[in-house]
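The values are calculated or read from the model by the stated rules, or taken from the named source; none is laboratory data. Small disclaimer: the values here were computed from a predicted structure and weren't measured. All Cβ positions, glycine included, derive from the backbone under ideal geometry; neighbour counts span all protein chains shown.
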Ligand code: MLT
């Protein structure tokens, strides 16, 4: 994997090259995850365009030397894309990756050609959500990633996966338990302190899409649909929970391709 150093962040990323001249696509993973949740869908999408799939700082093979925020992660991603020679792109972010995508859209709108929220939401944490983040920080600090993974596992996949897809459950467990406890602490604080983007979404100037697993236990289909009330398109992925690209890479890639096709003239 190529590496990009940006200040305190060392980012490793997959560069799924394509001979196509279509606008490139950046795929951002969620929490506590890494590029492995996107890679199969990314390979499919790279038939149409260049696709970049990073491990965010501190996750997977990437490193952070300091705490981060949604804003610093967004800025890291813009710098990463610039270093790869890409100054305008479409971003698709899963869950925490969607929070970063909205942050990026607000901070640096000129680089974006389109935005896709995948199993994600625009609304910030309420008081109970913020308290749960602080508890997660304590769990990570005192019991490590394994305890965090065990707490999150029941809600990550479509319920049927726990009986029907043992390999997928094992793969996800491997991904979650391999994230450093310190990164989990930083990310939980960054998500707890993130802005609310509910009022910002309808003001977006680029094509906007929402993809959600039909069985997502963390982002209800109603919450996903609420983001496209005024503009944008909704794609529901059957037999998927909170991790549509990992659970159903073909259907997720097809939804993203359909969205990009719908907006081909604006995305270019
Ligand atoms: C994620 O998948 O990134 C997390 O569920 C996001 C969150 O905890 O808000």
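Restricting to region 1-48, name every residue that is modelled with pLDDT of 95 or more, over 18 Å from the mean Cα position of the chain (by Cα) and within 22 Å of residue 117 (Cβ to Cβ). Correct list: 23 only. In the set (1) crowded, with 22+ Cβ neighbours inside 10 Å; (2) in contact with a strand residue (DSSP E or B) (Cβ under 9 Å, 6 or more places away or on another chain); (3) closer than 20 Å to residue 42 by Cα, the condition left unmet by residue 172 is number (2). Sort out which residues of region 166-213 are in contact with a helix residue (DSSP H, G or I) (Cβ under 8 Å, 6 or more places away or on another chain) and free of Cβ contacts under 8 Å to residues at least 40 places away in the same chain, and write them in order of number. Correct list: 169, 173, 177.
Matching residues to (1) within 16 Å of the ligand (Cβ to nearest atom); (2) in contact with a helix residue (DSSP H, G or I) (Cβ under 9 Å, 6 or more places away or on another chain):
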position	(1), (2)
37	yes, yes
52	no, yes
58	yes, yes
75	no, yes
98	yes, no
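The set of residues in region 43-58 that are crowded, with 24+ Cβ neighbours inside 10 Å and closer than 28 Å to residue 154 by Cα comprises 53, 54, 56, 57, 58.
Taking the criterion of being within 21 Å of residue 109 (Cβ to Cβ) and touching a strand residue (DSSP E or B) at 6+ places or on another chain (Cβ under 7 Å), would at least one residue in region 219-227 satisfy it? Spell out how you get there, then give the answer.
Let us first name the residues in region 219-227 that are within 21 Å of residue 109 (Cβ to Cβ), namely 227.
Those left that are additionally touching a strand residue (DSSP E or B) at 6+ places or on another chain (Cβ under 7 Å): 227.
Yes, the conditions are met somewhere in region 219-227.
Residue count for region 122-157 under the criterion of being within 16 Å of the ligand (Cβ to nearest atom), farther than 23 Å from residue 98 by Cβ and either surrounded by fewer than 16 Cβ atoms within 10 Å (Cβ to Cβ) or in contact (Cβ under 8 Å) with a residue 60 or more places away in the chain (or both): the result is 2.
The condition of being surrounded by fewer than 22 Cβ atoms within 10 Å (Cβ to Cβ), closer than 14 Å to residue 247 by Cα and in contact with a strand residue (DSSP E or B) (Cβ under 9 Å, 6 or more places away or on another chain) does not hold for residue 160.
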